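S.K.: My questions will all concern the structure given below.
The values are calculated or read from the model by the stated rules, or taken from the named source; none is laboratory data. What you are looking at is a predicted structure, and each value in this text was computed from that prediction instead of being measured. Note: ideal-geometry Cβ built from the backbone for every residue, glycine included; neighbour counts use all protein chains shown.
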Amino acid sequence: MTDWKPKRFWKAATPEACEGGFTVTLDGRLVKTPAKAALVVPTLPMAEAVAAEWDAQTGLVDPRTMPVTRSANAAIDKVRTQRTEVIGLLSEYGGTDLLCYRAPAPDGLVLRQRQAWDPLLHWATDTLGVTLAVGEGVMHVPQPDESLAVLQSELDRMDDFRLAAAHDLISLSGSLILALAVMRDHLDAARAWDISRIDEDWQIAQWGADEDATAAAAIKRAAFLHAERFFHLSRS
């Protein structure tokens, strides 16, 4: 969709029920994905959000202003066709979860990590039956096979649209546990993002902010918050 920028030719974008879910039509013409598949989404609120993005276009279509449409396209064209690979990739985060790798020093950072990350690991144990080991530094920390199996089963149960949202929540935060906490409504995405940024925010407090890094972080944060919205739209 990135390189496809036609001029607006339609008067109205309309969400409609269809076989398998809901779709959007442009003056009666079905919207398709970049791979030419039918754009069929699982819920009416998602179809309404897609239609609103198409209705908001003026002049040239700008995909950057259409995040729900882009995520739906990704779910259909990418996740659906590479589901096994996507689940495998995301499952690997369980073995390298951000929350399990702690700084040995300074004491202030160690305390911040413990206060924010330990409760989430306890939540994972109580809610998911997942116990993960914690270590210092960057050396790999082996995790119990049974815990990794549970985390993969959580991903296996998601449909393609929820899995597309999970992909961004996990990859942007570096934590499968944080992502699951958002998807299970234990945390909102804004709080989860802040928790994932403890190390970076500590460095900023010590050394000051870098303009380019700040701009890049803002883009990632917006994408993270959108992923939460897309996940909720997929189950409305």
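S.K.: Could you tell me which of the residues R162, R83, R112 is among the basic types (K, R) and more than 28 Å from K32 (Cα to Cα)?
M.R.: Just one listed residue meets the conditions, R112.
S.K.: Considering only the stretch 149-196, state which residues are of a type outside the set (A, V, I, L, M) and either at positive phi or not in a helix (DSSP H, G or I) (or both). Show your work before the answer.
M.R.: Filtering the stretch 149-196 for residues of a type outside the set (A, V, I, L, M) gives 152-154, 156-157, 159-162, 167-168, 171, 173-175, 184-186, 188, 191, 193-194, 196.
R157, D159, G174, S175, R184, D185, H186, D188 - these are the residues of the stretch 149-196 that are of a type outside the set (A, V, I, L, M) and either at positive phi or not in a helix (DSSP H, G or I) (or both).
S.K.: Now, a different point. How many residues are of a type in the set (S, T, Y), under 19 Å from T25 (Cα atoms), assigned to a loop (DSSP other than H, G, I, E, B) and modelled with pLDDT of 95 or more if we restrict to the stretch 36-91?
M.R.: Counting residues in the stretch 36-91 that are of a type in the set (S, T, Y), under 19 Å from T25 (Cα atoms), assigned to a loop (DSSP other than H, G, I, E, B) and modelled with pLDDT of 95 or more gives 1.
S.K.: Any chance the stretch 202-220 includes a residue that's surrounded by 15 or more Cβ atoms within 10 Å (Cβ to Cβ) and within 17 Å of Y93 (Cβ to Cβ)?
M.R.: yes
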